[in-house]
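Worksheet for the structure shown next.
Derivation of every value follows stated rules applied to the coordinates shown; laboratory data play no part. Remember, predicted model here, so these are calculated numbers, not experimental data. In this analysis, Cβ positions are derived from the backbone assuming ideal geometry, glycine residues included, and neighbour counts consider all displayed protein chains.
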């Protein structure tokens with residue numbers, strides 16, 4: 001079985017993915033605007049989205065420009081602003097006008113490229129983004145213009161532009177051969193954005209992240225990375241991404257995040273870290289409160305549910321929790337999950353689940369494509385259209401034949417716990433701290449035993465038998481769902497720990513839930529086998 005896993009991993013490593021390419025005229029126009037502003041001491045503002053990708057990508061751009069201005073002896077400040085979650089994704093025309101009155105050049109990062117006020121004749125704007133767009137203006141630097149869909153992040157795009165375009169041209173044009181901003185730190189931050197934004201882990205993206213993780217091990221340049229005990233994508237998700245995303249969802253003033261990323265002192269870093277930790281704990285409490293209300297309250301008139309689908313609306317729920325709760329329900333029960341709440345006179349929500357974005361298109365449900373893939377999207381609509389929206393959701397739930405997501409598995413027969421532990425250990429070694437483009441799952445049989453209880457209905461569960469076992473965390477609801485399943489389905493992770501994603505009652509259900517990994521070697525063997533059987 002270990003040889004088969006190695007074969008699959010080697011196959012996945014061979015899938016390079018597309019290189020980032022940009023429209024030449026956009027690179028020229030963007031560089032010209034930015035470097036001209038620096039050369040003439042103009043006031044620049046960098047505006048980033050409120051999630052980790054937006055925050056880190058805007059910080060990278062701001063730090064580079066701040067360092068360049070300082071090196072050139074400029075007097076004007078380069079400002080950094082994070083967008084307000086209440087304003088939604090992107091910036092409004094009113095916000096753009098206000099910024100135009102205060103600054104000579106506006107640079108947006110990870111805020112979309114389809115803003116409704118964009119036009120060809122805008123002179124004071126550079127858009128740096130990665131979301132698919134129909135726009136093709138020269139001030140938009142985006143590898144996904146004309147609706148292509150190369151999987152990357154805003155942070156990676158900003159890093160590319162600095163490393164390959166702005167830095168070499170600034171050195172040459174301004175005669176600054178010794179100008180050396182911390183590219184290693186920028187690469188480390190950009191790697192985190194690839195992790196946080198759920199970019200497809202093609203080998204190109206994996207190599208970028210692995211190189212950054214190896215660099216972190218050698219030297220901690222960014223203070224917050226000193227919090228990491230292990231250098232893998234899971235540790236970064238738990239200790240860096242989750243607290244920052246929680247804070248930006250729950251708070252309007254994000255100055256503490258600036259201090260967490262770029263503190264003036266160790267004391268300031270500790271204070272900011274504590275605020276983020278406290279906020280994250282509060283977020284977990286709220287997520288669990290609404291999560292339990294959703295799965296336990298079957299009398300809620302604003303809840304629509306069937307075997308494959310769940311919709312929930314609560315006008316009192318903080319809007320920043322929508323995506324977290326939708327993701328938690330989808331992860332626990334593998335249902336398409338649509339979670340909505342109210343912000344002023346708008347209904348805003350998030351959807352998670354297999355092919356959910358295409359479902360929205362199919363049923364004419366309005367969406368804003370926050371997510372860069374088909375399994376996630378956001379939406380908003382005026383409160384007056386809520387009833388029509390719910391009718392659309394009911395139509396979706398009652399008439400659509402949901403395509404059940406199949407998990408890619410290494411084998412279609414249950415493994416022993418000993419084999420599971422061996423595979424997890426091997427995967428942790430081979431992955432180098434970063435998952436692959438496709439998740440690898442495995443069926444196995446094991447007993448579940450509660451060995452510890454925590455607040456917020458979380459359990460420490462022993463999985464296995466007396467001789468071979470491992471512990472894992474799961475919610476009480478997940479435990480109740482899994483405890484009587486005859487066959488469990490786990491997924492390999494970079495930390496080498498057991499992680500259960502679902503369970504089935506028999507081998508027939510198992511075969512309906514999985515598809516086997518096929519490498520080129522396996523395909524050839526299957527074809528040869530078919531020839532022999534003719």
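Length gained on full extension, residue 258 to residue 509, computed as 0.36 nm times the residue gap minus the Cα-Cα distance: 85.5 nm. Cβ-Cβ distance of residue 418 and residue 449, R₀ of 25 Å, FRET efficiency by 1/(1 + (r/R0)^6): the value works out to about 0.90. For the pair residue 178 and residue 345, the difference between a 0.36 nm per residue extended length and the Cα-Cα distance amounts to 54.8 nm. In terms of Cα atoms, the Rg and Dmax of the chain work out to 24.3, 80 Å. Helix 386-399 axis versus longest C-alpha principal axis of the chain: approximately 40°, rounded to the nearest ten. Model label points for residue 468 and residue 117, set 7 angstrom from Cα along the Cα-to-Cβ axis, are 6.2 nm apart. Model label sites at residue 382 and residue 267, defined 7 Å from Cα along the beta-carbon direction, differ in position by 5.3 nm. Normalised by the number of residues in the chain, the average gap of Cα pairs under 8 Å and 6 or more apart makes the relative contact order 11 percent. Classify the stretch 387-455 as rounded, prolate or oblate from the Cα gyration tensor: take a ≥ b ≥ c as the square roots of its eigenvalues, call it rounded if a/c is under 1.5, otherwise prolate when a/b beats b/c and oblate if not. Note, shape of the stretch 387-455 comes out prolate.
Between helix 417-431 and the chain, what is the angle of the helix's C-alpha long axis to the longest principal axis, kept within 0 to 90° and rounded to the nearest 10? That works out to roughly 20 degrees.
Summed over qualifying helices (DSSP H, 4 residues or more, each -39500 (n - 2.57)) and divided by its residue number, the chain shows a 222 nm mean residue ellipticity of -13500 deg cm²/dmol.
Remark: the stretch 18-180 is approximated by an ellipsoid whose semi-axes, taken from the C-alpha gyration tensor as √(5λ), come to 23, 19, 14 Å, largest first.
Taking a point 7 Å out from the Cα of residue 374 in the direction of its Cβ, the residues of the stretch 381-413 whose backbone N falls within less than 20 Å of it are 396-397, 399-409.
The stretch between residue 362 and residue 292, if pulled fully straight at 0.36 nm per residue, gains 22.2 nm over its current Cα-Cα span. Rounded to the nearest 10 degrees, the inclination of helix 203-218 to the longest alpha-carbon principal axis of the chain is 80 degrees. Projected label points at residue 250 and residue 299, each 7 Å from Cα along the beta carbon direction, are separated by 3.0 nanometres.
Distance between the C-alpha centres of the stretch 158-200 and the stretch 72-111: 20 Å, rounded to the whole angstrom. Take the alpha-carbon centre of the stretch 4-67, take the same for the stretch 274-326, and report the distance between them in whole Å. Centre-to-centre distance over Cα atoms comes out at 33 Å. Of the three principal axes defined by the Cα atoms of the stretch 297-399, the extents in descending order read 32, 30, 26 Å.
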